[in-house]
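What follows draws every value from the coordinates through simple rules; no lab data is involved. None of the values given here were measured: they were computed from a predicted structure. Glycine gets a Cβ as well: all are built from the backbone with ideal geometry, and neighbour counts include every protein chain shown.
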Amino acid sequence: MHDGGPSELDPRGGLLKAELDLGNEEETDPLLEELKIDARRDALSLTDYEWIAESLELGGRLKEALRWFTIPLREVDPLDVDPAETVCLNGRYRVRRTLGMPMDAYDDVVADSVREGVRAQLEDR
């Protein structure tokens, strides 16, 4: 998977999605372990986390998706989320709602943002 060329996305994210789509658990789990090693080394981009998490979410592996959406947010104050991090924040919110989990500080940020957006749209009418 390492051809030496520059890439914004780790190609293993696409491979993970393909394996999940095909239901190849015997290929998916070792690939996730490789990605976890790189996550611990801080060798993945925010976009990689999003891609991995969304692939897991679409594959029905919600608890794992939640973990991958949360990893890049661990050191982030919920009240100081960078716009680039909102994709993981929104995915995390979506998965937590599906799992029936209670709201937390990160979820409150998403809910407040949605409310503000709706209010702004109503005011523009």
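Once segment 12-124 is represented by equal point scatterers at the alpha-carbon sites, with solvent omitted, what log10 I(q)/I(0) does the Debye formula produce at q = 0.19, 0.22 Å⁻¹?
Each listed q corresponds, in turn, to -0.97, -1.19.
Just report the Cα centroid separation between segment 91-114 and segment 12-71, whole Å.
When both Cα centres are located, 20 Å separates them.
Taking θ as phi - 60°, what are the ³J(HN,Hα) couplings along segment 82-98 by the Karplus curve (6.51, -1.76, 1.60), each to the nearest whole Hz, with x for Gly and Pro?
Each residue of segment 82-98 in turn: 6, x, 5, 7, 5, 5, 5, 4, 5, x, 4, 4, 4, 5, 4, 5, 4 Hz.
In percent, what relative contact order does segment 28-125 have, based on Cα pairs under 8 Å that are 6 or more apart in sequence? Mind dumping the intermediate values first?
Details: 65 pairs, mean separation 21.2, N = 98.
Reported as a whole number, the value is 22 percent.
Could you work out how far apart the two model spin labels at Asn24 and Leu79 are, taking each label as a point 7 Å from the Cα in the direction of the beta carbon, and quote it in nm?
4.8 nm
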